[in-house]
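Remarks on the structure that follows.
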Amino acid sequence: MSAGQPPIEEFELQMPDDLDVRHCFKHPDRETGVSCSNCGKAICHECMTPAPVGFRCPDCMSEQRHSAGRAKVITRQQTRSRWQGGSLLGAGGSPVTRVLIILNVIAFALDVLSAGPAHFTDMLWGNNSVDLGTLSAHGALIGYYVAMGHEYWRLGTSMFLHSGLLHILFNMYALYVFGSYLEQIAGSRKFLAIYLVSGLSGSVAAFTLTLMYVPIVGASGAIYGILGAFFMYTFHNRADLAASMMMRQLGILVMINLFISFRIPNISWQAHIGGLIGGVIMVELLTRFGRKSLRGAFDRDDVVAVLGFIAVLVALTWWHVQSIIA
């Protein structure tokens, strides 16, 4: 040691006598004074993982990762594919939507032709279409014929008939845009179930709340069901920015259309509200009230849930028929 330099301190290389020295549970040849803050097992420097409080052993860290689950990663392409449907150019993956549009158009054409040349113009523009012995006369929803004649098929056929050219054009455009969107999200089978059951729900509501001799036709109940189903889908996925924005837009659209339904005469607001409620209930049943994704196969539990809802609609119809007969 040279002059003028402070003496070099000697470090204690032995562990203090009062230190609780144990051996690492994974490496028995290594002494350690550190224990897992969760289970208390001794761990060496290689086995310890920093935690909010103290250190954790490999077993506790593995259990924590397993219970927490792997973080779900959503890529940009997945986000884009989730919301790419619904445009006029995006209906290629929506075969049921296109078939439904074709069926509605064919029914309208047959309805117009069944009136004959003398009433062609009246049928085309929606004048007296139900009073001419036409297809609408045999398929329109008329409460008296359902209750007294037990013509229950009218609850289904009425949603494929329309009162005029503007009526079917408006409904088919809405079905093309929103139907293709929802079908690509839910799949063809679930979409068809939502459409038909919502339309039936609208017909049941119109049957129970409308005067007995008022004829009702149109796919509006089923289309409102699509809007209600789409709204609930965005509501359950509102953590997604795109879904949150679309939910607000759909809410505004539905409110505007309901306002129009109440303000303009000769529009069945009963069928609109019934179809809207039917679409909401269908999505809640198919997603188990938001606990399950709407995407995926149409499994047996889904079929049972849908049949249960149909049974409720049938019971409501039968109850109303009995109340009229009595």
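The values are calculated or read from the model by the stated rules, or taken from the named source; none is laboratory data. Computed from a predicted structure; not experimentally measured. In this analysis, Cβ positions are derived from the backbone assuming ideal geometry, glycine residues included, and neighbour counts consider all displayed protein chains.
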Residue match in segment 279-288 (condition: acidic (Asp, Glu), part of a helix (DSSP H, G or I) and closer than 22 Å to VAL96 by Cα): yes
Criterion (outside the structural domain of LEU241 (by TED's automatic domain parsing), modelled with pLDDT under 80 and surrounded by 10 or more Cβ atoms within 10 Å (Cβ to Cβ)) met by exactly one of GLY4, GLY54: GLY54
Residues of segment 278-326 satisfying the condition of being under 15 Å from the mean Cα position of the chain (by Cα), of a type in the set (D, E, K, R) and modelled with pLDDT under 95: ARG288, ARG291, LYS292, ARG295
Selection from segment 274-313 of residues that are without any contact (Cβ under 8 Å) to a residue 24 or more places away in the chain and over 21 Å from PHE235 (Cα atoms): ASP299, ARG300, ASP301, VAL303, VAL304, LEU307, GLY308, ALA311, VAL312
Residue match in segment 252-266 (condition: surrounded by 20 or more Cβ atoms within 10 Å (Cβ to Cβ) and either closer than 15 Å to PHE230 by Cα or in contact with a Cys (Cβ under 6 Å, 6 or more places away or on another chain) (or both)): no
Scope segment 23-42; condition over 15 Å from GLN64 (Cβ atoms) and surrounded by 15 or more Cβ atoms within 10 Å (Cβ to Cβ); matching residues: CYS24, PHE25, LYS26, HIS27, ARG30, THR32, VAL34, SER35, ALA42
